[in-house]
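Okay, here's the structure, questions in a sec.
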Amino acid sequence: MSTIDPARAAAPLFLIGFMAAGKTSVGRALAAASGRRFVDLDDVIAQAGAPVAELVARDLAEFRRREAAALADVIAGARDAPIIATGGGAAGHADNLARMRAAGCVVALGVDLAEAERRAAVEQAA
C-alpha cells in the first residue's frame, strides 16, 4: 500500500491524456468530491481571445505558445492546489510536462480509441 506525500497532496493535480479521455469530466468530479478548485486550461486560453478550436485551426504554433503561457500562469497562481485539466497535447509540447511534474502531481487518463472518437463526435455535435 502506498502513502501520499503530504506536500504532493497540497499541490496542483494535473490531468493529462488524449483528446476526449475525460480530463474535464474527471477533473470536475474530483474537484466536487474534494472541495478543490477546478481549472480547465482550454477555458483559460479561450478567455484570452479566440475559442480553442478556432485558434488551433488558424495557427497551431500560436495556440501552443498560448497554451504554455496559460499553463505557466495557472501554476504560478496555484496557491490552493487546484485540479487542472490540460489540453490533449499539452504534455507533449515545450517543457509543459516538466513544469507540471515540478509543480504537482500528474495523472494520465487513458481512453480506448473508439471511445475517444465517439466522445469527440458527441462533443462536436453539441
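The values are calculated or read from the model by the stated rules, or taken from the named source; none is laboratory data. Bear in mind that the values here come from a model prediction, so they are computed numbers and not experimental data. In this analysis, Cβ positions are derived from the backbone assuming ideal geometry, glycine residues included, and neighbour counts consider all displayed protein chains. For the accessible areas, the whole protein counts, side chains as well, though only heavy atoms, and no ligand, DNA or RNA atoms are used. Shrake-Rupley method; radii C 1.70, N 1.55, O 1.52, S 1.80 Å.
Ignoring ligands, DNA and RNA, please state the percent of accessible area on the chain from carbon and sulfur, probe 1.4 Å. Present the calculation step by step, with values, prior to reporting the outcome.
On the way: 4220 of 7360 Å².
After summing per-atom areas, the C and S share lands at 57 percent.
Could you check the simple spin-label distance between Ala98 and Asp73, using points 7 Å along Cα→Cβ, in nm with one decimal?
Modelled inter-label distance: 2.3 nm.
Sticking with this one: What net charge is computed for the residues neighbouring Asp80, neighbours being all others with C-beta under 9 Å from the C-beta of Asp80, Lys and Arg scored +1, Asp and Glu -1? Please report the intermediate quantities before stating the final value.
On the way: positive: Arg36, Arg37, Arg79; negative: none.
Within the 9 Å Cβ shell, the charges total +3.
Separate question: What Kirkwood radius, in Å to one decimal, follows from the Cα pairs of the chain? Kindly include the intermediate steps, with their values, before the conclusion.
Numbers: mean 1/r = 0.0662 Å⁻¹.
Final number for the Kirkwood radius of the chain is 15.1 Å.
Let me ask another. Could you tell me the calculated FRET efficiency between Gln47 and Val107, based on Cβ-Cβ distance and R0 = 25 angstrom, to the nearest 0.05?
Values: r = 24 Å, r/R0 = 0.97.
Between Gln47 and Val107 the formula returns 0.55.
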